[in-house]
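Here is the structure we will look at, set down as structure tokens.
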Amino acid sequence: TDVNVDEILAPFPDKVKKNRKKHIVKKDESASSCPQIEANTRTVPGIITQRGCCYAGCKGVVVGPIKDMVTITHGPIGCAYYSWGTRRNKARADDRTPPEQIYSAMCFSTDMQESDIVFGGEKKLAKMIDEIVEIFHPRAINVCATCPIGLIGDDLGAVSKAAEERHGIPVIHYNCEGYKGVSQSAGHHIANNQIMDRIIGKGTEKVDGKYVLNFLGEYNIGGDAWEIERLLEEIGYTVGSTLTGDSAYANIKNMHQAHLNLVQCHRSINYIAEMMETKYGIPWLKVNFIGIDATINTLREIAQCFGDDDLTARTELVIERELAAVTPELERYRKICTGKTAFVFVGGSRSHHYQYLLRNLGMEVLVAGYEFAHRDDYEGREVIPTIKGDADSKNIPELHVEPDPEMYEPPHLHLNMPKERYDELVASGILNEYRGMYPDMVNGGIMIDDANHFETEELVEVFKPDLIFTGIKDKYVTHKMGLPSKQMHSYDYSGPYTCFKGAVTFAKDVAHSLSTPAWKMITPPWEQKETEQR
Ligand code: CFM
Ligand code: HCA
């Protein structure tokens, strides 16, 4: 299908048309490089975006899942309620964290009332922190701001500092008012800064293990992280901490001892990966455990970073065993999926990662989009120096880090290899690099930033995909068009979808969606003959 973007945008007023056109790029294999896409800029007012807010990115996505910290939402109850456990990031007790120290499934809020808005909420917050310490004795506390907190000027920093002095535990505050920045992305950045500044590097317990990895940008949705950790541990790695799926303050503070950082979701966590490289000299590797080939490639690249023959042999053994276990069942579902087409609209990384898995099933992604990714997630990190900041991005503080006088070690020493080999891994784009989604798009496919309902409907009309992967805001819009939709944020309560076994679970869910007869029985209202309409 050759899509005409101008035709799709035709009903918009000229100014909007001009704006939206910059957010849509067609993959052209014959072009020498990726065309520039506009991203991480304000949504046109009045357009029904799928984006969320800065608080959602900070509390809901990054800091909320830290299981042994109590995370307080300082604000009206709705903000806390709608970010309460809805993302399905699972957590369980382990050697360091007993069940009674896990708070991530609970909801804590100051429940600001009108009088608090008028007279200020600082006292209420301080009292709440005291109560939490008395009742739960957590190791550390997070305090997250919502829109009204910034508007009335409550000083979260001062309240948190005073509480720290009273109780002798870290009370970390996040000025992540919902309106900061243009999307959840601002909240990721604010959370990254505080985790880097206040948690990482503060621990002194030794992390044992010949090969210690951190797993950055994995939130354990549906148990995704557990499946990855299972494989990594079988191969012989120690996972120091994930950020932040099933993670604990008790582990995050020792993350500076790792040999290598793996980065799954580049969008939400690249700041910490980069800052840890500068401060401690820990290199990072972009990974993807979504899809069979992607998982195999990732496991081999990790082994390559250490260059240990035993590790390489065990990697191949695990790959062979897992492949043998899943191939027959996967083949069954592949038969149903093969030749089908899909759209993927998710937050800031899955629209790229899932293309690998869908390709393994013989499916093609015709349109892929992000809610709040930045240009580098589409075009690759090489464009970062050319990205111009605007008023919204300047609203988010940059944390400046420098090599730690005591803890910095050159990156090749972390990996125990000669400097020349390390430089080679960097030059060949394996370490400290992400090339973005564009290279993996199908020729003629569309890459779209901050897609709205109208554009989604138009693109569905043109491409007629068999399946759409999206979030709750677009799910029902497309259902009404008779198009099956899968929730790519919560997996519609399925999962894990990672690695080999996860690929089978995913294939099964997709095969079910594609073969359910219900969708063919629906005639959308606009296609019904007038006489049929009531
Ligand atoms: Fe990263 Fe995420 Fe995602 Fe994200 Fe999100 Fe999410 Fe997502 Mo929903 S951190 S960017 S802010 S992979 S919550 S676990 S599913 S939009 S594509
Ligand atoms: C968020 C969380 C979300 C929302 C999902 C959706 C998630 O962005 O605040 O819109 O369906 O994964 O739960 O992305």
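The values are calculated or read from the model by the stated rules, or taken from the named source; none is laboratory data. What you are looking at is a predicted structure, and each value in this text was computed from that prediction instead of being measured. All Cβ positions, glycine included, derive from the backbone under ideal geometry; neighbour counts span all protein chains shown. Note: accessible area is taken over every heavy atom of the protein model, side chains too, but ligands, DNA and RNA are not part of it. Shrake-Rupley method; radii C 1.70, N 1.55, O 1.52, S 1.80 Å.
Miscellaneous remarks
- Pairs, first over 13 Å from Val182 (Cα atoms) in the stretch 362-377, second among the basic types (Lys, Arg), C-beta under 7 Å, six or more apart: Gly362/Arg334; Met363/Lys340; Asp377/Arg267
- Looking only at residues of the stretch 62-84 that are farther than 22 Å from Gly157 by Cα and open to solvent by 50 Å² or more (accessible area, probe 1.4 Å), we find that the one that is modelled with the highest pLDDT is Tyr81.
- Among the residues of the stretch 464-489, those identified as under 17 Å from the mean Cα position of the chain (by Cα) and open to solvent by 10 Å² or more (accessible area, probe 1.4 Å) are Ile472, Gln487, His489.
- Within the stretch 88-113, the residues that satisfy the criterion of being assigned to a loop (DSSP other than H, G, I, E, B) and within 16 Å of ligand 1 (Cβ to nearest atom) are Arg88, Lys90, Ala91, Ser104.
- So Ile396, is it under 19 Å from Thr43 (Cβ atoms), open to solvent by 20 Å² or more (accessible area, probe 1.4 Å), touching a residue at least 60 places away in the same chain (Cβ under 8 Å) and of a type in the set (Val, Ile, Thr): yes
- Enumeration of residues in the stretch 215-226 that are open to solvent by less than 20 Å² (accessible area, probe 1.4 Å), more than 16 Å from ligand 2 (Cβ to nearest atom) and in contact (Cβ under 8 Å) with a residue 60 or more places away in the chain: Leu216
- Within the stretch 40-67, being farther than 22 Å from Ile195 by Cα and within 13 Å of ligand 1 (Cβ to nearest atom) holds for Asn40, Thr49, Gln50, Arg51.
- Scope the stretch 429-463; condition within 16 Å of ligand 2 (Cβ to nearest atom) and open to solvent by less than 20 Å² (accessible area, probe 1.4 Å); matching residues: Asp449, Asp450, Ala451, Asn452, Thr456
- Yes/no for Leu425 being part of a helix (DSSP H, G or I), open to solvent by less than 50 Å² (accessible area, probe 1.4 Å), of a type in the set (A, V, I, L, M) and within 16 Å of ligand 1 (Cβ to nearest atom): no
- The stretch 24-40 residues that are open to solvent by 50 Å² or more (accessible area, probe 1.4 Å), paired with ones that are of a type in the set (A, V, I, L, M) and assigned to a loop (DSSP other than H, G, I, E, B) (beta carbon under 8 Å, 6 or more apart): Lys26/Val3
- Within the stretch 274-314, if we keep just the residues that are aromatic (Phe, Trp, Tyr) and under 20 Å from the mean Cα position of the chain (by Cα), the residue that is farthest from Thr498 (Cα to Cα) turns out to be Trp284.
- Test for Asp95: is it open to solvent by 20 Å² or more (accessible area, probe 1.4 Å) and more than 15 Å from ligand 2 (Cβ to nearest atom): yes
- The criterion of being touching a residue at least 24 places away in the same chain (Cβ under 8 Å), over 26 Å from Lys279 (Cα atoms), out of contact with any Pro (no Cβ under 6 Å at 6 or more places or on another chain) and surrounded by fewer than 24 Cβ atoms within 10 Å (Cβ to Cβ) holds for Asp130.
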